[in-house]
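**Q** Would you mind keeping the following structure in view while I ask a few things?
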Amino acid sequence: MTQVFGEDGKVQAATILSAGPVVVTQVKNKEKDGYEAVQVGFGVRKEKNISKAVRGHTKDLALAEKTGFEYLREYRSEIAPEIKRGDSIGLDTFSVGDKVQVSSVSKGRGFQGVVKRHGFHGGPRTHGQKHSEREAGSIGGGGRAGGRVVKGMRMAGRMGGDRVTVKNLKVVAIDPMTNTLLVSGAVPGRKGTLVEIRSN
């Protein structure tokens, strides 16, 4: 993350995203594949670390010699006829001020209690209580739930590592020289996480 000063002098928090080049590796259609989709490749990976099947699929599209794409992703959509295999999708699809939505996998936080995971307030600190500061409290019983724990009860457990989408982030700046995009606010995931940027 970084800070960006606007024309009015106000500072705004922003996240720097590396956004390209993204190369179209395959265009699927209903006649041949049964559905419409576009497959794109992003990033650079050593050829020796890529399977032979994927290497053969993308060998003529590699960004540099003895390399391949680090990521391959497929998106279903009604394909415009002008999109072809080998086309490059750049930052020219965005402009400053556009609203975008960003999806990525959030940071994994391991096993967490109900206070951190669900925002529970915990038990009272006084009146004879000793160790109930961060306890979950009652989870039902004979009356309310018929002697069972109802499905969906909020409890302690694994937290994070989920696909999260943040909508209505504004494109603050675009740098075509470094293929970077600055969007307002925070984006889920750690540094280096693969993110998807879509128009709202």
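The values are calculated or read from the model by the stated rules, or taken from the named source; none is laboratory data. Only a predicted model underlies this, so the values are computations on that prediction, with no experimental measurement involved. When we count neighbours, we look across all protein chains shown, and the Cβ atoms used for this are built from the backbone with ideal geometry, even at glycine.
**Q** Quick test for you: out of Gly86, Gly97, pick the one residue that is within 23 Å of the chain's Cα centre (by Cα) and on the phi > 0 side of the Ramachandran plot.
**A** Gly97
**Q** While we're on this one: Restricting attention to segment 38-60, which residues are aliphatic (A, V, I, L, M) and surrounded by fewer than 17 Cβ atoms within 10 Å (Cβ to Cβ)?
**A** Val44, Ala53, Val54, listed by residue number.
**Q** Is it the case, given these coordinates, that Gly68 is surrounded by 14 or more Cβ atoms within 10 Å (Cβ to Cβ) and at pLDDT below 90?
**A** yes
**Q** May I pose another question? Do any strands (runs of 3 or more DSSP E) lying entirely in segment 106-200 carry at least 1 residues that are under 17 Å from Phe94 (Cα atoms) and touching a Leu at 6+ places or on another chain (Cβ under 7 Å), and which ones are they?
**A** Filter on segment 106-200 gives 163-175, 180-184, 196-199.
**Q** So if I check each of Val44, Val24, Val54, Val40, which one is farther than 30 Å from Ala173 by Cα and within 25 Å of the chain's Cα centre (by Cα)?
**A** Testing whether each residue is farther than 30 Å from Ala173 by Cα and within 25 Å of the chain's Cα centre (by Cα) leaves just Val54.
**Q** Inspect segment 76-90 for any residue being touching a Pro at 6+ places or on another chain (Cβ under 7 Å) and not acidic (Asp, Glu) and give the result as yes or no.
**A** Taking every residue of segment 76-90 in turn, at least one turns out to be touching a Pro at 6+ places or on another chain (Cβ under 7 Å) and not acidic (Asp, Glu).
**Q** For segment 71-95, enumerate the residues that are of a type in the set (A, V, I, L, M, F, W, C) and surrounded by 11 or more Cβ atoms within 10 Å (Cβ to Cβ).
**A** Leu72, Ile79, Ile83, Ile89, Leu91, Phe94, listed by residue number.
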